[in-house]
Amino acid sequence: MLEMAAASDRDPFGDLPDELLSRVLSFLPAEDALQTCVLETRWRDLWRRLTSLRFVFDGPTFPRYNRFKRLVKLLICLRGNSPLIRCEIDAYPDDEPENMFTNTRLLIDYALACEAEELIVRAADIQYDLPVFDVPLSLISQHLKTLHLEGVNLDHSALKFSGCLVLEDLRIQLCNIRACEISSMSLKRLCITDYCSLPDIVRLRICAPSLISLQLEDFEGLTPFLENMPLLETAHVNLEDGCHDHCRSNQGVCDNIVCGCHAYPVKEGVLLNGLSNAAKLDLIALPKMFLYRSDLKWCPIFGKLKTLLLNEWFTAVDLVCILRQSPVLESLTLKLGNTEDIVGATGAQETKTQSFVCACLKSVYIECEEVDEGVLAVLNILSTCGILRDQISIKEDSRTDSD
């Protein structure tokens, strides 16, 4: 179509408004959008004013290295320093033997120089194996608000975003994280998901005092240590098979010095103190994960918590502890699959029998396979806390999946 239009004396899209054409251009990959410049001057001006660039290619359409290099050079030359709002980049290496990702780094620097507010960097989606891109440590921007990293390496001793003063959203997916720290004073939303690889010897520390939302799940390695988050509103944490915080012998502490149980700190918790200011909290884990139960021994107060979701990782003692330490809790959801461990204990037996009233708790939702001994133990605890039976809703479903 571009060839036909170029050969014609009339732009077939000439009657369309600039706003519509700009929107169409914003959805095109960078190479296709650049080619519209041959239509006429109007298209070239529209392209230069685009605030969204997409260097995204699927396997069959990904250009060879030399072509990709020319495309990057031409785009930067023609477009100049026009402001950007959003830039999406597929990381693509140089030709062997260097594999230095020179042009990918050039694009990142260009996007930041054009004051991009949102930057997405992901591994190229092509059919053959490529080296993994190492994200530069020195990301400096006075304008970057959203950073999305997918399928790349974060191979630094610390990820300190002090150079990104207005960064608010950080999403990390399918990444190899080898840092011992992630820190940002401005960050409001953090998401680490989709099988990220975390350190397995020293815990990753997360320092984000302005954080209001946290999602942490589907990772492999030790659970990150959360520093104080006084503004936190919502958090979803899921400790699955990849999490190393479990004892291989199911003893809590065993003689195997490389077992995950030896990574637990002696004088402080890992997660719950950092999550204690949340108003909405999802705490999900396989029963073999000891982290929540161990953290509860430090008795954090959930002074703002109103909505809580748990699955069957807890015992009766743990549930009592959580309820006692959540004075304004209004809604409790329990997704229970295997309830064998719920009737166990992690502390003194008298802890379960000390009466107290959940004055603010209005509703309890229980999803279970059947009303078995574990569910009955939960109902008994709720009763001693002053929760009436008509405040409790039970849904039996043999397909209940607590994860």
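Considering only the range 354-386, state which residues are within 16 Å of Leu305 (Cβ to Cβ), among the aliphatic types (A, V, I, L, M) and surrounded by 12 or more Cβ atoms within 10 Å (Cβ to Cβ).
Within the range 354-386, Leu361, Val364 meet the criteria.
Among Asp218, Asp200, Asp169, which is the only one that is farther than 21 Å from Leu119 by Cα, in contact with a Leu (Cβ under 8 Å, 6 or more places away or on another chain) and of a type in the set (D, E, K, R)?
Answer to the selection: Asp200.
Just checking: which of the strands (runs of 3 or more DSSP E) contained wholly in the range 172-247 hold 1 or more residues that are surrounded by fewer than 22 Cβ atoms within 10 Å (Cβ to Cβ) and touching a residue at least 40 places away in the same chain (Cβ under 8 Å)?
Filter on the range 172-247 gives 234-239.
Scan the range 248-271 for residues that are surrounded by 13 or more Cβ atoms within 10 Å (Cβ to Cβ) and modelled with pLDDT of 75 or more and jot them down.
Across the range 248-271, the qualifying residues are Gly269, Val270, Leu271.
Is it the case that some residue within the range 111-131 is surrounded by fewer than 18 Cβ atoms within 10 Å (Cβ to Cβ), under 20 Å from Ala179 (Cα atoms) and at pLDDT below 90?
Yes, that holds for at least one residue.
Residue pairs, Cβ under 7 Å, 6 or more apart or interchain, first in the range 63-86 and at pLDDT 85 or above, second assigned to a loop (DSSP other than H, G, I, E, B) and of a type in the set (Gly, Ala, Ser). List them.
Partner pairs satisfying both residue conditions: Leu84/Ala116; Ile85/Ala116; Arg86/Ala116.
For the range 192-217, which positions are within 18 Å of Asp282 (Cα to Cα) and at pLDDT below 95?
Asp194 - this is the single residue of the range 192-217 that is within 18 Å of Asp282 (Cα to Cα) and at pLDDT below 95.
Write out, first by first residue and then by second, each pair whose Cβ atoms fall under 7 Å of each other, whose residues are 6+ apart or on separate chains, and whose first residue, in the range 371-394, is touching a residue at least 40 places away in the same chain (Cβ under 8 Å) while the second is surrounded by fewer than 17 Cβ atoms within 10 Å (Cβ to Cβ).
Pairs that qualify, where the first residue is touching a residue at least 40 places away in the same chain (Cβ under 8 Å) and the partner is surrounded by fewer than 17 Cβ atoms within 10 Å (Cβ to Cβ), are Gly374/Glu340; Gly374/Val343; Ala377/Val343; Cys385/Phe356; Cys385/Val357.
Output yes when any residue across the range 272-282 is crowded, with 20+ Cβ neighbours inside 10 Å, modelled with pLDDT under 90 and outside any loop (DSSP other than H, G, I, E, B), and no when none is.
no
Can you tell me how many residues within the range 295-345 are at pLDDT below 90, buried (at least 17 other Cβ atoms within 10 Å of the Cβ) and polar (S, T, N, Q)?
Residues in the range 295-345 being at pLDDT below 90, buried (at least 17 other Cβ atoms within 10 Å of the Cβ) and polar (S, T, N, Q): 2 in total.
Can you tell me which residues in the range 280-339 are free of Cβ contacts under 8 Å to residues at least 60 places away in the same chain and among the basic types (Lys, Arg)?
Lys280, Lys288, Arg293, Lys297, Lys304, Lys306, Arg324, listed by residue number.
From the set of residues in the range 193-211 that are under 13 Å from the mean Cα position of the chain (by Cα) and of a type in the set (Val, Ile, Thr), which is farthest from Ser276 (Cα to Cα)?
In this case the residue turns out to be Thr193.
Kindly provide the set of residues from the range 147-169 that are polar (S, T, N, Q) and surrounded by fewer than 17 Cβ atoms within 10 Å (Cβ to Cβ), ordered by number.
Passing the criteria: Ser157, Ser162.
Looking at (1) within 15 Å of the chain's Cα centre (by Cα); (2) within 17 Å of Leu159 (Cβ to Cβ), which is the one condition that is false for Ala235?
Only one criterion is unmet by Ala235, namely (2).
Could you pull out the residue among Asp169, Asp134 that is of a type in the set (Asp, Glu) and in contact with a Ser or Thr (Cβ under 6 Å, 6 or more places away or on another chain)?
Testing whether each residue is of a type in the set (Asp, Glu) and in contact with a Ser or Thr (Cβ under 6 Å, 6 or more places away or on another chain) leaves just Asp169.
Only one of (1) assigned to a loop (DSSP other than H, G, I, E, B); (2) of a type outside the set (A, V, I, L, M, F, W, C); (3) at pLDDT below 85 fails for Thr351. Which number is that?
(1)
Condition test on Asp134, is it at pLDDT below 85 and either closer than 21 Å to Ile192 by Cβ or not aromatic (Phe, Trp, Tyr) (or both)?
no
The values are calculated or read from the model by the stated rules, or taken from the named source; none is laboratory data. Owing to the predicted nature of the structure, the values given are computational and were not obtained by experimental measurement. Positions of Cβ are generated from backbone atoms using ideal geometry, with glycine treated the same way; all protein chains shown enter the neighbour counts.
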